[in-house]
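The values are calculated or read from the model by the stated rules, or taken from the named source; none is laboratory data. Predicted model only: the values in this text are computed from it and were never measured. Because the Cβ atoms are built from the backbone with ideal geometry, glycine has one as well, and the counts that use them run over all protein chains shown.
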Amino acid sequence: MSTGILKSPISLFKQFPTPITSTFHYLSLPTNPSLHQIKQLHARLIAAGYDGDSHFTGQLLAALAQSQSTPFQYSLSILNSTQNPSLFAVNNLIRCFAKSESPHQALSLYSFMRKNAHFQPNNYTFPFLFQACSKFMGIIEGTQIQAHVIKLGFFVNVYIRNALIHLYFTSHETKHAKDLFDESPACRDLVTWNVMMAGYAKAGQIDNVEKMFDEMPERDVISWSSLITGYVQNGYLEQALDSFKRMMDLQLSPNESILVMVLSACAQLGLIEKGRMIHSTIDSLNFPMTMHIQTGLIDMYAKCGYIDKARNLFNKMPIKDVSSWNVMICGLAIHGLAMEAIDLFEKFLTKGLTPVNVTFIGVLSACSKAGLVDKGCHYFKLMMEKYNIDPEMEHYGCMVDLLSRKGLVLEAIELVEKMSIPPDPVLWVTVLGACRTHGLIKLGEETGKKLIQLDPNHYGNYVQLSGIYAKSYKWEEVVRTRGMINGRNSKKIPGWSLIEAQGKIHQFVAGDREHDMSMEIYKMLDRINTRVLEAGYLPNVVQVLHDLEEEEKINVIKEHSERLAIAFGLLVIGSGKCIRIVKNLRVCGDCHEITKVISKVFEREIVVRDGSRFHHFKGGECSCQDYW
């Protein structure tokens, strides 16, 4: 078996005098003890002269195996000081190694066990070994251990089989996991079904997750957690929320993982009412406000447009980890509160915390949304030079966006061309959009052609190049570029807008007439158009790419999805209340302008979360100050 080398493994089994017969009562530890609590107990055992007792050594290692922190060297030192260690102790050391940052050492210890007649593995040994293999993707080592399991007669053990199924899924061997599950129906328990569901969810096979869930002979909260997690991780957000409601209707109590996942679903959808309902559920259950749940609530409120609520929750957190700071920094950034995000980041550094890649995504995004070029360049350099974080695509995306939108297009192109990783075509889309915005027609044409060569099947690339030609009124080139889409497998990403009202989620697309209130919505849209024109609004049809008459262009833009959602909101959301909309794409310039006017004419606050950021419209102004 190919394994790493455990330093001086023979020292684990050095001979000691006969163990002291102990009458020392076992000192109890809490469930999931901290490393500090374990070390306190260990110190008391040493002081009492029982540090070499095999019974207490086994208990200490068992506690370490259950704690969140399992230092490799500390675990090893405990067993090294033990008189005649028991198999129980050795198994728990394997378990500690499996959880540590050196999981391959579990196999080194097992390899030594096999050569030592005093220690023969039992049915508890192998689940920990498979766990170790799962952590370092050791499928080859895992199949070797599987052969040992069969040879020693343990292959009918359900716990071992469950651990092996998990290893197969971790190693992307889905078929082998399914074969193992199918071959012995009598050798299954509830955990087996849950492991299968979790594995399919991780593999993105939602149909199989649902099939497993429907066929399960019994379910527990872990089963529901696997279903809901699978939905959220694979983008089936509304199904996740529906499943949560079904679970609650059955009077089942959610676990922390479920609550974090449904908060994430609400955050991604921007659905504040459902998010508030989940917050209320947490309070009504008196569920412990763990750091993960508090962070999930902050993320949910920030992404649903309630940045003040997110800020208050963050400030009240007694203990914050790096994830909590990251969520708050990113939340401030998407609301355009750039200086506040930067100040929070600087405070984060003064706390002695170490930023990670996500931290800098938040900071660079804040700089991008406010056009802070000098600060953005400073933090980009700081990330690489002080914290040794290699830029990822998101970091480059923020910097290219920052430079492009400030008109520094040549600098943006230079950055893309010098990237340490292959550039995503989205970066060139950003550059192309900047060429269009700043009237760099020739550079835009060159960039657009390069983009189509890189990604010839992406519909948006042709649209962007068409926009360049449309801005210079080259309608023949617009038609030619649009014609290039025919015959390709390119798909247009449909724009849609969501609004939560009357206890339901309402979705609109451009020109939508499927809604039950469609007639009333279009009447309200006509009323809106009349009122805003009277207030001095003039349609901006520059971005309409077709060579149409002016009136036709106006008709195209006035039925955009967010306008329909706003019209619906004015109809059904009580007077004076805020209208909140989520849009999947970046809001167009004309829709942005008319929403400002609507907020003034109808005296309504309108909050729009588009594909880039939040826009808070009030009194004819937008929080982005027309920079988005």
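Across the stretch 77-121, the qualifying residues are those that are surrounded by fewer than 20 Cβ atoms within 10 Å (Cβ to Cβ) and among the aromatic types (Phe, Trp, Tyr), and the one among them that is farthest from the chain's Cα centre (by Cα) is Phe112. Close contacts from the stretch 268-293, counting a first residue that is more than 12 Å from Glu256 (Cα to Cα) and a second that is in a loop (DSSP other than H, G, I, E, B), with Cβ to Cβ under 6 Å and a gap of 6+ residues or different chains, come to Gly270/Cys304; Ile272/Cys304; Gly275/Cys304.
For the stretch 31-42, a residue qualifies if it is surrounded by fewer than 18 Cβ atoms within 10 Å (Cβ to Cβ) and in contact with an Asp or Glu (Cβ under 9 Å, 6 or more places away or on another chain), but none of them does. Entry remark, the stretch 155-189: residues being crowded, with 18+ Cβ neighbours inside 10 Å, among the charged types (D, E, K, R) and under 19 Å from Tyr124 (Cβ atoms) number 1 in total.
Residue count for the stretch 100-128, restricted to those that are hydroxyl-bearing (Ser, Thr, Tyr), closer than 17 Å to Leu79 by Cα and part of a loop (DSSP other than H, G, I, E, B): 2.
Quick check on this structure: which one of Ser466, Ser497 is in contact (Cβ under 8 Å) with a residue 40 or more places away in the chain, part of a helix (DSSP H, G or I), in contact with a helix residue (DSSP H, G or I) (Cβ under 8 Å, 6 or more places away or on another chain) and buried (at least 22 other Cβ atoms within 10 Å of the Cβ)? Let's see the steps before the verdict.
Values: Ser497 fails: part of a helix (DSSP H, G or I).
Ser466 is the lone residue from the list that is in contact (Cβ under 8 Å) with a residue 40 or more places away in the chain, part of a helix (DSSP H, G or I), in contact with a helix residue (DSSP H, G or I) (Cβ under 8 Å, 6 or more places away or on another chain) and buried (at least 22 other Cβ atoms within 10 Å of the Cβ).
Of everything listed in (1) in contact (Cβ under 8 Å) with a residue 12 or more places away in the chain; (2) surrounded by fewer than 21 Cβ atoms within 10 Å (Cβ to Cβ), the single unmet condition for Leu364 is (2).
Taken residue by residue, the stretch 407-425 has at least one member that is in contact with an Asp or Glu (Cβ under 7 Å, 6 or more places away or on another chain), modelled with pLDDT under 95 and closer than 16 Å to Gly444 by Cα.
Of all residues being surrounded by 22 or more Cβ atoms within 10 Å (Cβ to Cβ) and hydroxyl-bearing (Ser, Thr, Tyr) in the stretch 249-305, which is nearest to Leu332 (Cα to Cα)? Just the residue, please. That would be Tyr301.
Restricting attention to the stretch 136-144, does a residue exist that is under 18 Å from Gly58 (Cα atoms), free of Cβ contacts under 8 Å to residues at least 12 places away in the same chain and not in a loop (DSSP other than H, G, I, E, B)? Checked the stretch 136-144: no residue is under 18 Å from Gly58 (Cα atoms), free of Cβ contacts under 8 Å to residues at least 12 places away in the same chain and not in a loop (DSSP other than H, G, I, E, B). Per this entry, Glu477 is not counted among residues that are within 27 Å of Pro355 (Cβ to Cβ), free of Cβ contacts under 8 Å to residues at least 12 places away in the same chain and surrounded by 15 or more Cβ atoms within 10 Å (Cβ to Cβ).
Here the condition is being surrounded by fewer than 24 Cβ atoms within 10 Å (Cβ to Cβ) and closer than 21 Å to Thr192 by Cα; of Tyr124, Tyr74, it holds for Tyr124 alone. Given the condition assigned to a helix (DSSP H, G or I), without any contact (Cβ under 8 Å) to a residue 24 or more places away in the chain, under 18 Å from Ser102 (Cα atoms) and in the same structural domain as Ser108 (by TED's automatic domain parsing), answer yes or no: does some residue in the stretch 58-73 qualify? Checked against the condition, which is being assigned to a helix (DSSP H, G or I), without any contact (Cβ under 8 Å) to a residue 24 or more places away in the chain, under 18 Å from Ser102 (Cα atoms) and in the same structural domain as Ser108 (by TED's automatic domain parsing), the stretch 58-73 yields at least one hit. Tallying residues that are surrounded by fewer than 21 Cβ atoms within 10 Å (Cβ to Cβ) and either assigned by TED's automatic domain parsing to the domain that holds Leu79 or among the hydrophobic types (A, V, I, L, M, F, W, C) (or both) within the stretch 127-154 yields 8. Only helices (runs of 4 or more DSSP H) whose full extent lies in the stretch 353-418 are considered here, and the ones with at least 2 residues that are among the hydroxyl-bearing types (Ser, Thr, Tyr) and closer than 24 Å to Cys624 by Cα are 357-370, 393-405.
Quick grid of which residues meet (1) at negative phi; (2) among the hydrophobic types (A, V, I, L, M, F, W, C); (3) at pLDDT below 95:
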position: Ile505; (1), (2), (3): yes, yes, yes
position: Val509; (1), (2), (3): yes, yes, yes
position: Met524; (1), (2), (3): yes, yes, no
position: Val532; (1), (2), (3): yes, yes, yes
position: Val544; (1), (2), (3): yes, yes, yes
position: Leu548; (1), (2), (3): yes, yes, yes
position: Ile554; (1), (2), (3): yes, yes, yes
position: Lys558; (1), (2), (3): yes, no, yes
position: Ser561; (1), (2), (3): yes, no, yes
